[in-house]
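Quick notes on the structure that follows.
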Amino acid sequence: MYCIKKVTDDLVWVGANDRRLALFEGVYSVPAGVSYNSYLLTDEKTVLFDTVDKAVRQRFLENIEKALKGRKLDYLVVQHVEPDHSAVIPELIRQHPEIKIVCSARVLEFIKQFYDFDLDSRVHLVEENDTLNTGKHTLHFVMAPMVHWPEVMMTYDSTAKILFSADAFGCFGALNGALFADEVDFAKDYMDETRRYYSNIVGKYGTQVESALDKASALNIEMICPLHGFVWRTNLSEIVSKYMLWSKYEPEERGVMIAYASVYGNTENAAEILACRLRDKGIKTVIFDVSVTPASEIVSAAFKWSHLVFASTTYNAGIFVTMEALINDLAAHNIQNRRVAIIENGSWAPTSGGLIREILGKCEKINILENNVSILSGLKAAQLSDIESMAQAIGADFAAPAGVAQNNQAAPNAVDPNVMFKLSYGLFVLTARDGNKDNGCIINTVMQITVTPVKITIGVNKANYTHDMIIKTGKFNVSVLSEKAPFRVFQQFGFHSGKDTDKFAGSGEALRTENGIRYLSEWTNGVISAEVKEAVDCGTHTLFIAEVKQAFSLSRDASVTYQYYFDNIKPKPQPPKGNKKGFVCKICGYVHEGDTLPDDFICPLCKHGAADFEKI
Ligand code: FEO
C-alpha cells in the first residue's frame, strides 16, 4: 500500500524508509534506519525529483502511481547518481517510457556507468543556471560538485521558493510519521545524527559545501527538501548555521573529546584521570572507547568539540588497531582547526603517540600539544603531575578568549567596562504597538545573524515599556538613525518612559509599516520590521531573535554610531554651578550633584546605572 505525504499543495513526498539496513554505504551504522526521499511535483507537467534505494523500490513505485493519479510522468530530475537515489531509474523508465530525464552531462555520464538502457533519446541536458518551466513553476539548476559526489546538482523552484538540496541538509534516521523538521524536537533528537551524517558523508568536502552555501545564500529559500531526513519549512537557519560551522571545520562547542584505545584498562585509566582534572577546571568533557563506539560517532564528535585528546596503547609496534582506524578516518575526513593532545602507552616500546602525531600533523590547522604523556604499562603516582600538566595546558585555552589561547597569552581577568564603548554599536529607535498604544525607545544592539531567512537580534532593557510590548505582541520595528539625527530625538525616545508620556507627540504623520507599527521617516536611513522567534532572558535585558518581514531604505545618509553620537551629537556635560562636586552620566549628560554616587544609582533620565557615570 502506498504511503505518501503532502509537502505543499502540488508537491508530494513519495519516498520510503528502511529500518533494516545494517550499514549505510556498507560502513555507517543506522540503528534508527534511514529515509530515501523523492518528491513529485504535479504542475502542468509532472516532475519527479530523484528515485530511491532498491531496498524500498516497491513502496516507492506504489507511491508514485498514487501521487500521479493516473497522469503520465513527464520529467525525472536526477540530481545525484549514487544508487541510494538512482537504483530504481531503469524500472521507472520501463513503467513510464515517456519520461524525459533532466540532468547534467556529468550525471548522464554516471548513469551510463551504472545502468544499461536507452538514455540518449530521453535526456534533457541542463547546465548551471539553466531553467525548466513546468507550468506555474520554474526550476533552476545549481551545480554542487562534491556535495557529495562530483555530479551532484541541486534544483531551486523559484515559484515555491523550494531548494531540492540532494544529500545536503540530510540526516540519518527513518522518518517516523513526521516529514517536517518542525514536527519533531530536532535539536534534541536529530541534530547528533545530522552531524554524524554530515561529517561522515560530506565532511571531507568543506570547501565545496561552502561554495554550495554561497550559491544558496543568493536564493530566496523558504523550504529545503533533502534526499534523506526531514524537510525544512521553518527556522531554516537552525540547519544552515550548522552547515556554515561544519563546512569551515569550526567547532560547535568548546570542550574536550577524549577517545581512548585500551587493552587492559590502563590507558583508559589515564584518560579518565585527565577527564576528571579537566572537569575540575570547569571544562566540558566527553569520553569514547574506540573499541566500543563506532568510528562514525567519534568522527562526528570530533567535528563538534574544540579540543581532542587521543589516548592509545601501542600494538604490534604501531597504534592500536581501532585507534589507528579512527585517526586515519579523521584525517581522511579532513579534520582541521582543532587543538589536540596525545597520551600513549606501551609496555616496552611506546610508539603510538608519535605515530598519531605524524598522521594528524599533516592535517590543516591542527595544533598538537608539544609533549605526549607517555605511560609504561600503567600510570604511576609520579606521573599524575604529567596528566595535571596536560590538563593545565588544555585549560589555559579555556581561561583565555578564543584566539588569545592559540598564542598562549595570559587572559586578562578583569572586566574594564570602558572597553565596551569601543564596540562599534549603532543607535536605533525601536518601536512597538500594543492595541492603540504606540511606543518607542533607543537601543544600540541590532545585529543581523542569518541571511536565509533574514534574522536579526536586538537587546532591550527590561525596564523599557517597549520591551513589555514586544514580549506581548512579538512584533517590532527598528528605525536606523542617521548622523543627521539631532539630540532631541535621543531625548524624546531615550530619556522618558512611554508609560507616562506619548513619545510620538508632535511627530507629524503616523507612518506605519505593514505590521501596523510606527517608524521614523526623519533622521533615519532605513526601517526593518521583524517578528520575534525566540526571546533569551539575559538578566537586565532580553535578547530577541526575530525574522525580518519588511525592510526598506529611506536615505543614503550614514548610520550614526555610538562613537559619533558621543563626539558630535550629545552636548558636552557642563560642570555643576559654583564649586559643587558631582557625577555626570556618560550616556545622556545628566549631572548628579554630590560627593558620592551610590552603587545602585540609576540615571533618572536614561535609566543607565552608576557604571555609566564619571566624576566631574
Ligand atoms: Fe544519499 Fe550520496 O547519497
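A short reminder: the numbers here are calculations on the coordinates, not readings from a lab. Computed from a prediction, not measured in an experiment: that's the story for all the values here. Because the Cβ atoms are built from the backbone with ideal geometry, glycine has one as well, and the counts that use them run over all protein chains shown.
Could you please give the count of residues in segment 160-217 that are part of a loop (DSSP other than H, G, I, E, B) and farther than 28 Å from Leu330 by Cα?
First, pick out the residues of segment 160-217 that are part of a loop (DSSP other than H, G, I, E, B): 160-161, 165-172, 174-179, 184-185, 190, 202.
Filter once more, so that each one left must be farther than 28 Å from Leu330 by Cα: 160-161, 175-179, 184-185.
So the answer is 9.
Please pick out the residue among Val240, Val292, Val231, Val263 that is crowded, with 23+ Cβ neighbours inside 10 Å and either among the β-branched types (Val, Ile, Thr) or out of contact with any Cys (no Cβ under 6 Å at 6 or more places or on another chain) (or both). If you could, list the steps in order and put the result at the bottom.
Numbers: Val240 fails: crowded, with 23+ Cβ neighbours inside 10 Å; Val292 fails: crowded, with 23+ Cβ neighbours inside 10 Å; Val263 fails: crowded, with 23+ Cβ neighbours inside 10 Å.
After applying the criteria, what remains is Val231.
Name every residue in segment 21-56 that is more than 31 Å from the chain's Cα centre (by Cα) and under 30 Å from Ala295 (Cα atoms), in order of residue number.
Correct list: Lys54, Ala55, Val56.
Just checking, how many residues over segment 184-201 are under 16 Å from the mean Cα position of the chain (by Cα) and touching a residue at least 12 places away in the same chain (Cβ under 8 Å)?
Residues that pass the stated criteria total 12.
Answer yes or no: is there a residue in segment 53-70 that is buried (at least 20 other Cβ atoms within 10 Å of the Cβ) and part of a loop (DSSP other than H, G, I, E, B).
Looking for residues that are buried (at least 20 other Cβ atoms within 10 Å of the Cβ) and part of a loop (DSSP other than H, G, I, E, B), one finds at least one in segment 53-70, hence yes.
Just a yes or no: is a residue in segment 50-67 within 16 Å of the ligand (Cβ to nearest atom), among the small types (Gly, Ala, Ser) and touching a strand residue (DSSP E or B) at 6+ places or on another chain (Cβ under 9 Å)?
Initially, segment 50-67 is screened for residues within 16 Å of the ligand (Cβ to nearest atom), giving 50-57, 60.
Those left that are additionally among the small types (Gly, Ala, Ser): 55.
Now drop any that are not touching a strand residue (DSSP E or B) at 6+ places or on another chain (Cβ under 9 Å), which leaves 55.
Within segment 50-67, one or more residues are within 16 Å of the ligand (Cβ to nearest atom), among the small types (Gly, Ala, Ser) and touching a strand residue (DSSP E or B) at 6+ places or on another chain (Cβ under 9 Å).
So which of Ala144, Ala181, Ala168 ends up being more than 14 Å from the ligand (Cβ to nearest atom), closer than 18 Å to Val240 by Cα and either free of Cβ contacts under 8 Å to residues at least 24 places away in the same chain or surrounded by 21 or more Cβ atoms within 10 Å (Cβ to Cβ) (or both)?
Details: Ala144 fails: more than 14 Å from the ligand (Cβ to nearest atom); Ala168 fails: more than 14 Å from the ligand (Cβ to nearest atom).
The unique qualifying residue is Ala181.
So if I check each of Ala463, Ala510, Ala505, which one is in a loop (DSSP other than H, G, I, E, B), among the hydrophobic types (A, V, I, L, M, F, W, C) and within 24 Å of Lys586 (Cα to Cα)?
Numbers: Ala510 fails: within 24 Å of Lys586 (Cα to Cα); Ala505 fails: within 24 Å of Lys586 (Cα to Cα).
Result: Ala463 is the single residue among Ala463, Ala510, Ala505 that is in a loop (DSSP other than H, G, I, E, B), among the hydrophobic types (A, V, I, L, M, F, W, C) and within 24 Å of Lys586 (Cα to Cα).
List, please: which pairs have Cβ atoms under 7 Å, are six or more places apart or on different chains, and start with a residue in segment 269-289 that is part of a helix (DSSP H, G or I) and end with one that is among the charged types (D, E, K, R) and surrounded by fewer than 20 Cβ atoms within 10 Å (Cβ to Cβ)?
Note: pairs meeting the criteria are Arg277/Glu388.
Residue check: is Ser529 touching a residue at least 40 places away in the same chain (Cβ under 8 Å), of a type in the set (Ser, Thr, Tyr) and in contact with a strand residue (DSSP E or B) (Cβ under 9 Å, 6 or more places away or on another chain)? Let's see the steps before the verdict.
Values: touching a residue at least 40 places away in the same chain (Cβ under 8 Å): yes; of a type in the set (Ser, Thr, Tyr): yes; in contact with a strand residue (DSSP E or B) (Cβ under 9 Å, 6 or more places away or on another chain): yes.
Yes: the conditions hold for Ser529.
Being within 16 Å of the ligand (Cβ to nearest atom) and farther than 13 Å from His148 by Cα is the filter here; which residues of segment 196-223 pass it?
Arg196
Working only within segment 15-31, note down all residues that are within 16 Å of the ligand (Cβ to nearest atom) and in a loop (DSSP other than H, G, I, E, B).
The answer is Gly15, Leu21, Glu25, Gly26, Val27, Val30.
Only one of these conditions is not met by Ser121: (1) in contact (Cβ under 8 Å) with a residue 60 or more places away in the chain; (2) outside any loop (DSSP other than H, G, I, E, B); (3) of a type in the set (S, T, N, Q). Which number is it?
All conditions are met except number (1).
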